[in-house]
Amino acid sequence: SPVAADDPLVLVVSPNTALQRLIRLGLQRAGFTAVAAYRYEDTPEALDEHHPSALVIDDDRLGSAWEVVRALRRRPTHAHVPVLVLVDEQPKPGLFRRLPRAETLLKPFHELRLQELVSRMVGRKAT
């Protein structure tokens, strides 16, 4: 489908191809351009290539997404990018485990909630 030049671009990172496809479809229905990275380690290169308005990243139960977000926050060129982490349970930062700045969305989630959060993150009204 054609992409409008002013459609905010969202990078979607998930090793789960079915979930990634659903997220991208939901974002596209809300007027976003969504591009994919299938592996967590591909995220820095995808950020450099696409310069997204936001990042949606699916966390595995090992905390891999949080490691990506930590690394992102240390990179001056992308530290400002809003991040939405899809989680299986709400994270509980402990005394010795401080989580990096990011929004969270509990899985399973409703498509409209995803669209609403990403719209707010990029400073636009939800459609």
FRET E, pair R120, L9, Förster distance 25 Å, beta-carbon r, rounded to 0.05: 0.95
Quick check: residue separation of A18 and R73 times 0.36 nm, minus the Cα distance between them. What number comes out in nm? 17.0 nm
Can you tell me which of R21, R74, R101 moves the most in a GNM of the chain? Springs connect C-alpha atoms under 10 Å apart. R74
If I fit a long axis through the Cα atoms of helix 17-29 and take the longest principal axis of the Cα atoms of the chain, what angle between them do I get, 0 to 90°, rounded to 10? 50 degrees
Antiparallel bridge percentage (DSSP; both residues within the chain; nearest 5): 5 percent
Reference-scaled alpha-carbon Rg (2.2 N^0.38 Å with N residues) for segment 2-78: 1.07
Go through segment 1-84 and name the GluC sites (Glu not before Pro) that are in a DSSP coil and have 12 or fewer other Cβ atoms within 10 Å of their Cβ. none
Tell me the relative contact order for the chain as a rounded percent, counting alpha carbon contacts under 8 Å between residues six or more apart. 23 percent
Just to confirm, what accessible area per residue do you get for the chain at 1.4 Å probe, in whole Å²? 58 Å²
So how tilted is helix 64-73 from the main axis of the chain? Cα-based, degrees 0 to 90, rounded to 10. 80 degrees
Length released on extending from A36 to L62, taking residue separation times 0.36 nm less the Cα-Cα span: 7.3 nm
Heavy atoms only, probe 1.4 Å: what % of the accessible area of the chain goes to carbon and sulfur, would you let me know? 54 percent
Near T17, within a Cβ-to-Cβ distance under 12 Å, what is the net charge of the other residues, with Lys and Arg +1 and Asp and Glu -1? +2
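The values are calculated or read from the model by the stated rules, or taken from the named source; none is laboratory data. Predicted, not measured: the structure shown is a model, and the values here were computed from it. Reconstructed Cβ throughout: ideal geometry from the backbone, glycine too, with neighbour counts over all protein chains shown. Note: areas computed on protein heavy atoms with side chains; ligands, DNA, RNA excluded. Shrake-Rupley method; radii C 1.70, N 1.55, O 1.52, S 1.80 Å.
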